[in-house]
Amino acid sequence: MKNITFIYAGNRKDNYINKNIEAKDFYYGLFSFQNKNNNINIIEFEEHPGLMNKILQIIDKILQKIFNLPFYLSKLTTIKNLNIVRKSDHIFMVNESVGCSSLLLLIFLKLFSKVKVSLFVMGLYSKKLRYRKLLFLHNLIIKFLVFFIDNLFFLGKGELEKGKKLHKNKSKLVFLPFCIDTEFWSKNDNSNNKVTNDIIFVGNDGNREVELLIKIAKNLPKLNFIIVSNHPLLNGLDLPNVRLFNTSWGIKLLSDTDLKKLYESSRLSIIPLVETTQPSGQSVALQSMSLEVPVMITKTEGFWDPLLFKNKEDLFFITNNTLEEWTETIEVVLSNKNLMSKITANAKAKIRENYNLNKFYENLMPYVK
């Protein structure tokens with residue numbers, strides 16, 4: 001039996017303890033390790049009292065401003081957490097915020113233990129710098145962080161290639177695609193949900209092209225849109241053909257089951273993006289495909305697996321990302337039932353074969369010793 005510790009930014013520990021979990025996507029293999037009778041520990045960001053914590057908060061602000069990286073040392077650096085991680089056999093940090101915020105813990109582990117540490121990468125190498133003159137320092141702190149980590153699991157091939165340009169030692173860098181709970185995100189043949197909406201948009205991250213989304217909805221007044229997002233640009237949006245759910249995954253105003261019903265009621269899932277090397281839109285696209293909802297997405301450098309997914313075979317890529325291209329392609333696609341059916345079948349088959357949680361665990365296991 002191994003001691004496996006997962007460090008999350010939030011919104012998991014209480015759900016895990018209270019067994020209040022629907023889809024298992026964003027737990028990064030935790031349940032597979034649990035099923036193998038490992039001892040599971042969960043650490044999350046928390047606010048802590050005390051003078052030392054106030055000092056760490058000041059340091060966080062300085063580091064965030066200088067390096068433009070998500071440092072929250074004050075939310076993880078405690079004696080309690082230190083005792084948990086030093087007794088672990090393997091630690092999984094689920095994103096770059098957790099990685100940067102664990103830096104003091106990682107330094108201690110490197111000096112006084114042999115704990116294996118893995119980090120899931122989904123934007124660490126895609127940050128937009130406030131001050132380009134500080135690029136050298138930005139990259140230097142990333143290299144310093146990576147020195148204390150055994151495995152970097154990249155969720156997208158685009159960001160993996162960017163990471164390879166920064167690090168001489170590429171053996172730590174591994175493509176390990178994000179996978180979804182295909183058992184949950186599966187269309188229920190007995191469902192009474194009717195397809196009443198033309199288009200659904202889900203997502204909040206900074207790479208979503210929300211201004212373009214609003215223009216698309218305005219240019220297609222005869223189509224019904226569902227938007228699930230709390231992006232600031234959507235505040236006050238009032239269009240007769242748009243139904244807005246102002247929420248996000250962490251807020252949970254919508255349960256996973258509620259979101260699933262919204263997907264099932266829609267004909268097309270659209271994901272307009274800005275250019276990025278980050279695998280933005282990945283989870284939404286995979287969930288949509290698994291639920292037999294065709295996906296239309298901006299083709300960016302960060303698209304997670306361009307060799308596996310083909311345009312007009314598994315999904316629809318938008319290459320120029322103009323309003324005209326989006327609206328014209330949406331109208332053409334929605335009028336072609338045969339093409340929609342083909343895309344739906346192909347995408348679902350690829351998701352079930354390549355992007356299920358069992359596959360994720362299989363890909364992960366060779367690095368857990």
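Bear in mind these aren't lab numbers, they're just calculated from the coordinates by the rules spelled out. A quick note: this is a predicted structure, and the numbers were derived from the prediction, not measured. Note: ideal-geometry Cβ built from the backbone for every residue, glycine included; neighbour counts use all protein chains shown.
Exceedance of the 23 Å cut-off in Cα-Cα distance is limited, within the set Lys54/Lys80; Lys128/Lys299; Lys87/Lys168; Lys127/Lys310; Lys157/Lys348; Lys261/Lys337, to Lys87/Lys168; Lys127/Lys310.
Express the Stokes-Einstein translational diffusion coefficient of region 220-312 in µm² s⁻¹, to the nearest whole number, given a Kirkwood radius over alpha-carbon pairs, 10 °C and a viscosity of 1.306 mPa s. Calculated translational D: 109 µm²/s. Pair-distance distribution of region 91-131: all C-alpha pairs, bin width 10 Å, starting at 0; shares per bin in whole percent are 27, 48, 20, 5. The distance between label points at Lys215 and Asn321 comes to 1.2 nm (points 7 Å beyond Cα on the Cα→Cβ vector). Per residue, the convex hull around the alpha carbon atoms of region 17-82 comes to 134 Å³.
The convex hull of the Cα atoms of region 193-274, projected and averaged over all directions, covers 5.1 nm². Evaluate the Debye formula for region 3-176 with equal point scatterers sitting on the alpha carbons, no solvent, and hand back log10 of I(q)/I(0) at q = 0.15 Å⁻¹, in q order, two decimals. Debye intensities relative to I(0), on a log10 scale: -0.89. The Rg/Rh ratio for region 45-90, using Cα coordinates for both the radius of gyration and the Kirkwood hydrodynamic radius, is 1.05. Normalised by 2.2 N^0.38 Å, where N is the number of residues, the C-alpha radius of gyration of region 135-263 stands at 1.43.
Counting only the backbone N, which residues of region 169-190 are under 17 Å from the spot 7 Å out from the Cα of Glu362 toward its beta-carbon? Residues 175-183 fall inside that zone. Evaluated over the Cα positions of region 197-354, the convex hull gives a direction-averaged projected area, one quarter of its surface, of 8.5 nm². Counting 0.36 nm for each residue step from Asp238 to Lys170 and taking away their Cα separation leaves a gain of 19.6 nm. The spacing between region 229-246 and region 266-284, judged by their C-alpha centroids, is 18 Å. Taking label points 7 Å from Cα along the Cα-to-Cβ direction, Gln64 and Lys133 give a separation of 2.3 nm. Over the chain, one equal point on each Cα, no solvent: what is log10 I(q)/I(0) by the Debye formula at q = 0.08, 0.09, 0.12 Å⁻¹? Computed log10 I(q)/I(0) values: -0.42, -0.54, -0.95. Taken over region 320-369, the alpha-carbon convex hull comes to 107 cubic angstrom per residue.
Per residue, the average separation of C-alpha pairs within less than 8 Å and at least 6 apart gives region 124-272 a relative contact order of 22 percent.
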